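*Asks:* Before I ask anything, here is the structure I am working with.
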Amino acid sequence: MKVFTVHNCKGGVGKTTTTANLAYNMASKGKRVLVIDTDPQSNLTPYFTRQNENGKTIRDVFADPVSIDKCIFRTKYKLIDIIKGSTFLTEKDAEQSDDLLKDALNIMSKEYDVVFIDCRPSFEALARNAITAADVLLTPIVLDGYCRDNLSLEHRLYQDILDADPEHQMKWIVFANKFNNYASHREILEDLVERHDYPLAENCVSERAAVVKASDLRKPLLKHRYNNMATQDFLDLTDELLLGKEG
C-alpha cells in the first residue's frame, strides 16, 4: 500500500481537485483506492459520497485509530472507499500524537493499493499526522511570485517530519498545477529546477475551464470531460506516480 498525502501550506493551489482526480484515475487503472478527507471544510467528501455527518468520520479515526475499519465507507465509484471528512474536526483531535493516522493505516495495509489524503493548508497537528503517514508528500503549486516561499516552508515541514523519524522513507514530489504556457510560468519552472533543485514531477496540469466546471459538479475530470487537456495531464501525472510506485 502506497500513501500519498496532498499538501501545500498555501491555499488555492488545487489540493482537493488533485486528490479527487488522481484517486479516480488510479481506480480506473484497477487499483484499490482509499481516500481520506482530513480538511475540516470536507470539500473532498462530496466528490465520492453524500456530504453529511452520519456515521463515522475521520474524527473517529483520530479518537480511536484501531477502529479505522468501522470508519470506511464505499463510494459511488468502483474500487474507491472513503473516510469522510467532518466539519467538527479540529486540531485538538490530532494533537495527541503525529502517528495517529499512520498507526491506523498500518492496520489496513493489505486492503488497498493506494491511499490519498487531502489536507488543509496548515502546519499544525492534522497536517503533521497526514504527512507522517505518507510514503509520498505530493505538493501542487501555482507558478506565481509566492511559490518559492511556499516551497521553502513546505521543505521545512517535510524535513522536520523526517528528522523526527529518521527511518521514515518518504519522497517529496512537487508538480505545477493550473499551468499556462506563458513565458512567466516557464521562467519560474526553470528557476525551481535549476537554482532551487526542488523535486519537480515531469508532468504539469494545465489550467482549463473544464477543471473548474468539474469541481463545481464534484466530478472527476475523467468522467466530466474525457478529451480535455487537463484530463490528459492528470492521467499522465497518474502514470508518473504509478511508475514511481512500482519502480
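*Asks:* In the chain, with Lys and Arg counted as +1 and Asp and Glu as -1 at Cβ, which of these residues, M170, Y77, A230, has the Cα nearest the positive end of the dipole, that is, farthest along it?
*Replies:* About the Cα centre, the residue reaching furthest to the positive side is Y77.
*Asks:* Under 5 Å between amide H atoms, partner at least 5 residues away or on a different chain: which partners does V115 have, H built in plane at 1.01 Å?
*Replies:* K2, V3, F4, L34
*Asks:* If you average the alpha carbon positions of the range 1-79 and of the range 188-231, how far apart do those two centres end up, in angstrom?
*Replies:* Computed from Cα coordinates, the inter-centre distance equals 19 Å.
*Asks:* With the cut-off at 25 Å, tell me which of the pairs K56/K102; K56/K213; K76/K110 have Cα atoms farther apart than that.
*Replies:* Listed pairs above 25 Å: K56/K213.
*Asks:* Ok, one more. Amide H to amide H under 5 Å from V174: which residues, 5+ apart in sequence or cross-chain, H placed 1.01 Å off N in plane?
*Replies:* So V174 has HN proximity to T139, L200, A201.
*Asks:* Here's something else I'd like to know. Given points 7 Å out from each Cα along the Cα-Cβ axis, report the E167 to F88 separation in nanometres with one decimal.
*Replies:* 3.6
*Asks:* What full-extension length gain, to one decimal in nm, is calculated for Q41 and D236 as 0.36 nm per residue of separation minus the Cα-Cα distance?
*Replies:* Net length gain for the segment: 67.3 nm.
*Asks:* Could you state the accessible area per residue of the chain in Å², with a 1.4 Å probe and every protein chain left in place?
*Replies:* Averaged over the residues of the chain, the accessible area is 46 Å².
*Asks:* Suppose we keep just the DSSP beta bridges with both residues in the chain; what percent of those would be antiparallel, to 5?
*Replies:* 5
*Asks:* So, with +1 on the Cβ of K and R and -1 on the Cβ of D and E, and no other charges, what is the size of the charge dipole of the range 118-173 about its Cα centre, to the nearest 20 debye?
*Replies:* 120
*Asks:* Given +1 on the Cβ of Lys and Arg, -1 on the Cβ of Asp and Glu, and no further charges, what dipole in debye does the chain carry about its Cα centre, rounded to the nearest 20?
*Replies:* Dipole about the Cα centre, nearest 20: 1340 debye.
*Asks:* Can you give me the % of accessible surface on the chain that is carbon or sulfur? Probe 1.4 Å, all protein chains present, nothing else counted.
*Replies:* 45
*Asks:* What does the highest-first list of 7-17, 209-219 look like by mean Cβ count within 10 Å?
*Replies:* Ranking, from highest mean packing down: 7-17, 209-219.
The values are calculated or read from the model by the stated rules, or taken from the named source; none is laboratory data. In this text the structure is predicted, and so the values were computed from the model without any measurement. As a convention, Cβ positions derive from the backbone with ideal geometry for all residues, glycine included, and neighbour counts pool all protein chains shown. Keep in mind that these areas ignore ligands, DNA and RNA; they rest on the heavy atoms of the full protein, side chains included. Shrake-Rupley method; radii C 1.70, N 1.55, O 1.52, S 1.80 Å.
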